[in-house]
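Just dropping this structure here.
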Amino acid sequence: MGWWREARFGMFIHWGLYAVAAGEWKGHTTKGAGEWIMHTEKVPVSDYETLVPQFNPVKFDAKKWVEIAKGAGMKYIVITTKHHDGFSLYDSQANPYNVMKTPFHRDIMKELSDACHSQDVKMCWYHSILDWHYPSDGPKYADYSKMLHAQVKELLTNYGPIGIMWFDGDWIPQWTEEQGEEMYNFCREQQPSVIVNNRVGKGRAGMSGLTKGHAAGDYDTPEQQIPKSALTQDWETCMTMNDTWGFKKSDTHWKSPETLIRDLIDTASKGGNFLLNVGPTPEGEIPEASIERLAKMGEWMKTNSEAIYGTTAGPVQDWKGGRTTKKGDVVYVHVFEWPKDGVVELPMKQSFKTATLLAKPEAEVKVDQDGENVKIKVPADAPDPIASVIKLETK
Ligand code: FHN
């Protein structure tokens, strides 16, 4: 888990036939998320398949997508190789319902994995156990499970080193914890160092993304929420930037850059990873609104990434002034509300020798300890209105 704990920040990509629908079906805007349109609008398989000849994302540019992720400070990319609609974005022998049957006729996963490997970004695969195109119930289920294993084998054999197998659609009754354990081992047989999330089995059953008791998988996957407090096991929050995972043209409910940066800090302050989603357009572009927000996050990370990468949960939790993260003896104080009296106060008995503003290392910052609290005397103005980081060192 070393690289994963170091990374702290990744890009989720939900892309597939549903991007062509863009959240609309026969002139009606779907209520649910873009990638659920086949189910929400009760689209028969044969009707949904009419999207196949329309999938031609001529503006797709793997190198550009990876540059955007890297520019935001993201260290890994998790992309939907197959979502619940059953359509695969790569040249699959196991699943003929795939991108090679579209006018685009290119192996998107090959192009993206090559771009990731050349830019030192970890390539990771999302793969749905639930499959609306291949009815995975009743006697046919054994055949489906064979196809599922064959796809996982392709994905872990043909595209170089893969960081994570990110399973989803785990809730279907036909899929059991035992099958999850077997699939976990199967993945590790293909690539011994691949990380597998807790949706490979029934790990997230019963609680919002937290593993109850023992279940297969290397980390927990809370979704659209950041746990209230630090967890003991490894975990990653996945989140949308608006309200949909797959592209939906009507969804312009974008979170602000401030919210997104503070969500990243909040997640890291509790020892978790932040997997932030983009839903590319039918033309193959990451939406402009997403690019703008990722660029703002990248600006903040350029100055402050040492307070995120490789950190663990901070020593002060539930602090109203902001958050804390930790790296060995160093404590990073992420100040959200800059103090009017020029003193940042933290309920900590520990003493520190030096305090440095990451955004203004030349600024004079004094740190004292009054027995109960650390008191940091800071300049009148916050160097960064969203989050200003103070690095506290003991030596
Ligand atoms: O149903 C999916 C949903 O479409 C999306 O992929 C999210 C992302 O984690 N996972 C499932 C809902 O939990």
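The values are calculated or read from the model by the stated rules, or taken from the named source; none is laboratory data. Because the structure is a prediction, the values reported are computed rather than measured. Virtual Cβ from ideal backbone geometry, glycine too; neighbours counted across all protein chains shown. The area values use the complete protein model at the heavy-atom level, side chains included, leaving out ligands, DNA and RNA. Shrake-Rupley method; radii C 1.70, N 1.55, O 1.52, S 1.80 Å.
On the protein heavy atoms, probe 1.4 angstrom, tell me the percent of accessible surface of the chain carried by carbon and sulfur. Provide the component values of the computation, followed by the final result.
Values: 8450 of 16010 Å².
So the carbon and sulfur contribution to the accessible surface is 53 percent.
Now, a different point. When you take every Cα atom in the chain, what is the radius of gyration, and what is Dmax, the widest Cα pair distance, in Å?
Spelled out, the Cα radius of gyration and Dmax of the chain are 22.3, 72 Å.
May I ask for the angle, rounded to the nearest 10°, between helix 288-304 and the longest principal axis of the chain, with both axes built from Cα atoms and the value confined to 0 to 90°?
The angle comes out near 40 degrees.
Taking the 0 to 90 degree range and rounding to the nearest ten, how far is the long axis of helix 108-118 tilted relative to the main principal axis of the chain, both from C-alpha atoms?
That works out to roughly 30 degrees.
I've got another one for you. What is the chain's relative contact order, in percent, from Cα pairs under 8 angstrom and six or more apart in sequence? Walk me through the numbers before you get to the answer.
Working: 865 pairs, mean separation 63.8, N = 395.
Relative contact order, the chain: 16 percent.
Lysine pairs in region 38-128 with Cα distance under 19 Å, only those 8 or more apart or on different chains: how many are there?
Step by step, the pairs that qualify in region 38-128 add up to 17.
Determine the relative contact order of region 224-328: mean sequence separation of Cα pairs under 8 Å and six or more apart, normalised by residue count, in whole percent.
Values: 146 pairs, mean separation 29.1, N = 105.
That works out to 28 percent.
Here's a follow-up. Among Thr81, Trp25, Asn277, whose Cα lies farthest out toward the positive end of the dipole of the chain, if unit charges sit on the beta carbon of Lys, Arg (+1) and Asp, Glu (-1)?
Asn277
Oh, and also: Calculate I(q)/I(0) for region 38-111 by the Debye formula, one identical point scatterer on each C-alpha and no solvent, and give its log10 at q = 0.15, 0.20, 0.28 Å⁻¹ to two decimals.
With no solvent term, the Cα-only Debye profile gives -0.61, -0.94, -1.31.
Let me ask you something else. Determine the relative contact order of region 314-393: mean sequence separation of Cα pairs under 8 Å and six or more apart, normalised by residue count, in whole percent. Walk me through the numbers on the way to the answer.
Numbers: 171 pairs, mean separation 27.0, N = 80.
Worked out over region 314-393, it gives 34 percent.
Still on this structure, please answer the following. Grab the Cα-Cα distance for His117 and Asp91, subtract it from 0.36 nm times how many residues apart they are, and report the gain in nm with one decimal.
Values: separation 26, 0.36 × 26 = 9.36 nm, distance 1.88 nm.
Working it through step by step, the gained length comes to 7.5 nm.
Given Cβ point charges of +1 (Lys, Arg) and -1 (Asp, Glu) and nothing else, what value in debye, to the nearest 20, does the dipole of the chain about its Cα centre take? Kindly include the intermediate steps, with their values, before the conclusion.
Details: 45 positive and 54 negative charges, 112 e Å.
Dipole magnitude for the chain comes out near 540 debye.
Could you give the dipole magnitude of region 314-393 about its Cα centre, charging the beta-carbon of Lys and Arg +1 and that of Asp and Glu -1, in debye to the nearest 20? Before the final figure, lay out each step's value.
Working: 12 positive and 13 negative charges, 41 e Å.
Here region 314-393 has a charge dipole of around 200 debye.
For the chain, take the longest principal axis of its alpha carbons; what is the angle in degrees between that and the long axis of helix 177-190, to the nearest 10 within 0 to 90?
Helix 177-190 and the main axis of the chain meet at about 80 degrees.
Nearest 5 is fine: what % of DSSP beta bridges in the chain come out antiparallel, could you say? Could you put the intermediate results ahead of the total?
On the way: 28 of 57 bridges.
Around 50 percent antiparallel, to the nearest 5.
Note down the accessible area of Val45, probe 1.4 Å, to the nearest 10 Å².
Roll a 1.4 Å probe over it and Val45 shows about 50 Å².
Just report the Cα centroid separation between region 344-387 and region 73-139, whole Å.
Each part reduced to its Cα centre gives a spacing of 47 Å.
Moving on to the next point. Just grab the label-to-label distance for Trp3 and Thr40, each label 7 Å out from Cα along the Cβ direction, in nm (one decimal).
It works out to 3.5 nm between the two label points.
Distance cut-off 23 Å, Cα to Cα: go down the list Lys320/Lys366; Lys327/Lys375; Lys255/Lys377; Lys31/Lys270; Lys320/Lys377; Lys366/Lys391 and report the pairs above it. Intermediate results must be reported in sequence, preceding the final value.
Numbers: Lys320/Lys366 21 Å; Lys327/Lys375 20 Å; Lys255/Lys377 32 Å; Lys31/Lys270 33 Å; Lys320/Lys377 18 Å; Lys366/Lys391 12 Å.
Over 23 Å Cα-Cα: Lys255/Lys377; Lys31/Lys270.
Solvent-accessible area per residue for region 202-305 at a 1.4 Å probe radius, Å²? Numbers along the way, then the final one.
Numbers: 3930 Å² over 104 residues.
Result: 38 Å² of accessible area for each residue.
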